[in-house]
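Remarks on the structure that follows.
Values quoted throughout were computed directly from the atomic coordinates according to the rules given, and no laboratory measurement underlies them. Only a predicted model underlies this, so the values are computations on that prediction, with no experimental measurement involved. Using ideal geometry, Cβ is built from the backbone for each residue, glycine included, and neighbour counts are taken over all protein chains shown.
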Amino acid sequence: MKKLQTIFGILSGALSLVLTIGVKTFFSACDHMTDTGAYMSCHWAEQAVFAISLVLCVTSVAMVLMRDPKMRSGLAMAMVPQAVITMLIPNVFINLCMKTDMQCHSVMRPAVMLLCGGIAVCAAIAAFLGIKAKEKA
Amino acid sequence: MLHSLALKNLRGKPGRTAVLMILTALLALTVISGTIIVSSLRSGLSSLEDRLGAEIMVVPYEATTKKSFENILLQGSTGYFYMDKSVMDQVSETEGIGELSAQFYLASTSSGCCSIPVQLIGFDPETDFTIQPWIRRSFNEPLKENDIVIGNDLNAFVGDTLQFYGVDCRVAAKLEKTGTSFDTTVFTGFDTIKKMTRASIDKGLNTYKGVDPEAVVSCLLINTSDERSPEEVVNDTNLHNKKVRAVRTKEMISGVSDSLGGVSRIVGILMAAVWVLGGVILLLAFTMSVNERKKEFAVMRVIGASRGLLARTVMSEALAVGLFGSLIGIALGLFIMLPFAGAAEQLLAMPYLLPSAGKTAALAAAALAVSVLTGALTAAVSAYRISRLDTGVILRGDN
């Protein structure tokens, strides 16, 4: 059970790392405006996702390194709302661009939603496995 | 007993089971992704045909030489062109005109006066027969002054206020998704769009080569009556009006249709190649797996298992692997293709409209059937071979 919990911890950590790197590279928000050089609102959504994804990375590393299953479950449970909140940042908490065919809508938002969904599911399973292990003990 | 034996066999060799499941998952992923792409492109083209809504378009001659009108209608570029309003009267005299309506184009800018740089299309509510039937699906009231109807890809909602050249406009309705450039277009009545044009001239943002917005239109849309064919009306219009050009909308989208055919063929070939390759790999994998387990099957024969039971065990394993692998592949395919439809549309630069939920479910079911059937067919060869097993030879170690 502990091994399986570690596997899900590593999985959520890997997804958090992909989110952290990806949101600044492969699925970043739209570029700044060519004429004025100003950033559009989606840039701030990207920054917010990046900041929370760093926290997700640290939390998942801590979860994998911890030995106490109770602590592990606690950290995993904390990751679930973090991931859900990150999922809601693009276009719910912070508006994206006006045209939904732009990069922030067509690439960044679905990628953030899928990865955060994956992190939330993995973290929830890790938390559940920790609770189960505790019950058995 | 048979099912539990097959499942125990699969659980006993997790590595082999995982490889077989990954192969069937890849097969299902390719089939579902390919079919969604082809189906979306076809729906997009059909949606574009519907949305153009007229058989003939009459535009200023310069617009056809610069290809600007095709870019605006098919590629989603913003722009405008104008011709004298009197052309409408001349064209209306052409024999065989059933319906005739004018449109007025305007492009907003990204500067502070406009909420968003988009293509603005103004129509005459009295004569329009292309946009209003489409608007009525979302909004069944006449548009008031400063009311606009926005395409589905604009991130605004009914009741919001958008500003174009300083004119505050209320979003009266948001249209259904079409998968075409019309999804990022703003539609409004003639009065409102002309108010915007005058505002842009007053602000010094545009001069429109000195044209008077009241005296011009951008294009005429025509549907022919039953008396004459569109071809005849096009020829007649072009013959009698030198400054304008009449084009059949079918010809305009023939380029898109050709590209779509090309992309569909490539996707089809790729799908077939992956299917054949996947089938061959699965056949090899099942054959190798059965060869490895010959002694195991021979022992089962010795303790009383019939030839049929051995064949059914192999088939049950293949079906279980095929079903789970295909479900994983289809789920993955849907998780990639549905949220990233916008990215696919950008990448293909063609009209792209996702199929409805019902059609997507049917495509997923078909992909499941194809991949499970492929797995079962490849396993059937191994099942047949194992049912012909000579127990004595195997156990003596001669084979």
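Other residues within the sphere of radius under 14 Å centred on the Cβ of B:S259, judged by their own Cβ, net out at -1 (K and R +1, D and E -1). So what is the relative contact order for chain A, in percent, with contacts set as C-alpha pairs under 8 Å and at least six apart? It comes to 39 percent, rounded to a whole number. Taking the fewest neighbouring Cβ atoms within 10 Å as the starting point, the ordered list for B:T185, B:T224 is B:T224, B:T185. Report the residues of region B:199-233 in range of a label on B:E62: point 7 Å along Cα→C-beta, backbone N strictly under 17 Å from it. Of the residues in region B:199-233, B:206-220 have backbone N under 17 Å from the label point off B:E62.
Is there a simple number for the mean count of other chain Cβ atoms within 10 Å of the Cβ of residues in B:340-346, and what is it?
Details: counts 7, 2, 9, 9, 1, 2, 5.
Partner Cβ neighbours, averaged per residue: 5.
DSSP beta bridges in chain B, what fraction antiparallel, as a percent rounded to 5? DSSP beta bridges in chain B are roughly 75 percent antiparallel.
Distances between placed amide hydrogens fall under 5 Å for A:K99 paired with B:N155, all partners being 5 or more residues away or on another chain.
Mean residue ellipticity, 222 nm, helices only, chain B: the sum of -39500 (n - 2.57) across DSSP H runs of n ≥ 4, divided by residue count and rounded to 500, is -18000 deg cm²/dmol.
Can you compute the FRET efficiency between B:E214 and A:N95 using 1/(1 + (r/R0)^6), with r the Cβ-Cβ distance and R0 = 41 Å? Round to the nearest 0.05. Numbers along the way, then the final one.
Details: r = 37 Å, r/R0 = 0.90.
Plugging the Cβ-Cβ distance into 1/(1 + (r/R0)^6) gives 0.65.
Residue by residue along B:178-189, Cβ atoms of other protein chains within 10 Å of the local Cβ number 1 on average.
If I take all pairs of Cα atoms in the protein assembly as shown, what percentage of them are more than 28 Å from each other?
Within the protein assembly as shown, distances greater than 28 Å cover 67 percent of Cα pairs.
Classified by the C-alpha gyration tensor, chain A has a prolate form. Its axis ratio a/c, with a ≥ b ≥ c, is 1.5 or above, and a/b is larger than b/c. What fraction of the DSSP beta bridges in region B:51-252 is antiparallel, stated in percent and rounded to the nearest 5? DSSP beta bridges in region B:51-252 are roughly 75 percent antiparallel. Between B:A305 and A:S41, the simple spin-label model (points 7 angstrom out along Cα→Cβ) gives 6.4 nm.
Take each residue in A:110-120, count the other chain C-beta atoms within 10 Å of its C-beta, and the mean is 2.
Round to the nearest 0.05 the FRET efficiency obtained for B:E231 and B:E145 when R0 = 45 Å and r is the Cβ-Cβ distance. Write out the running numbers ahead of the final one.
Values: r = 40 Å, r/R0 = 0.89.
It comes out at approximately 0.65.
Here the simple spin-label model places points 7 Å from the Cα toward Cβ, and for B:Q90 and B:R11 these points are separated by 8.4 nm. Could you work out the local net charge near B:L45, counting Lys and Arg as +1, Asp and Glu as -1, over the other residues with Cβ closer than 13 Å to its Cβ? Charge balance near B:L45 sits at -1. Reported to the nearest whole Å, the Cα centre-to-centre distance from region B:355-399 to region B:219-260 is 54. Taking a point 7 angstrom from the Cα of A:I131 along the C-beta vector, which residues in region A:71-90 have backbone N less than 18 Å away? Under cut-off, by backbone N: A:71-84. Each Lys or Arg adds one and each Asp or Glu subtracts one; over the other residues with Cβ under 15 Å from the Cβ of B:F182, this totals -4. First measure r as the distance between the Cβ atoms of B:A199 and B:N152, then evaluate 1/(1 + (r/R0)^6) with R0 = 25 Å and state the FRET efficiency to the nearest 0.05. Once the sixth-power term is evaluated, E becomes 0.40.
Between the DSSP loop rule and a limit of at most 13 other Cβ atoms within 10 Å, which GluC sites (Glu not before Pro) in region B:8-112 are left? In loop regions of region B:8-112 (DSSP not H, G, I, E or B), the sparsely surrounded GluC sites (Glu not before Pro) are B:E93, B:E95.
For region A:1-30, the residues whose amide N sits under 17 Å from a probe point set 7 Å from the Cα of A:A62 along the beta carbon direction are A:9-10, A:12-14, A:16-17.
About its Cα centre, the dipole of region B:51-252 is roughly 740 debye, where the only charges are +1 on Lys and Arg Cβ and -1 on Asp and Glu Cβ.
In this structure, the amide hydrogen of B:Q163, modeled 1.01 Å from its nitrogen in the peptide plane, lies closer than 5 angstrom to those of B:S115, B:C169, counting only residues at least 5 positions away or on a different chain.
Evaluate the Debye formula for region B:51-252 with equal point scatterers sitting on the alpha carbons, no solvent, and hand back log10 of I(q)/I(0) at q = 0.10, 0.18 Å⁻¹, in q order, two decimals. The Debye formula, applied to the Cα set alone, gives -0.40, -1.30. Relative contact order of chain B, please, whole-number percent, based on alpha carbon pairs below 8 angstrom and at least 6 residues apart. Relative contact order, chain B: 30 percent.
Provide the packing ranking of B:257-267, B:158-168, B:31-41, A:4-14, i.e. peptides ordered by the mean count of other C-beta atoms within 10 Å per residue, highest first. Each step should come with its number before you reach the end.
On the way: B:257-267: 14.3, B:158-168: 16.3, B:31-41: 23.5, A:4-14: 20.2.
Order by mean packing, descending: B:31-41, A:4-14, B:158-168, B:257-267.
Here the relative contact order of region B:51-252, from alpha carbon pairs under 8 Å that lie six or more residues apart, stands at 35 percent. Measuring from centroid to centroid over Cα atoms, what is the spacing of region A:12-32 and region A:43-107 in Å? Result: 10 Å between the Cα centres.
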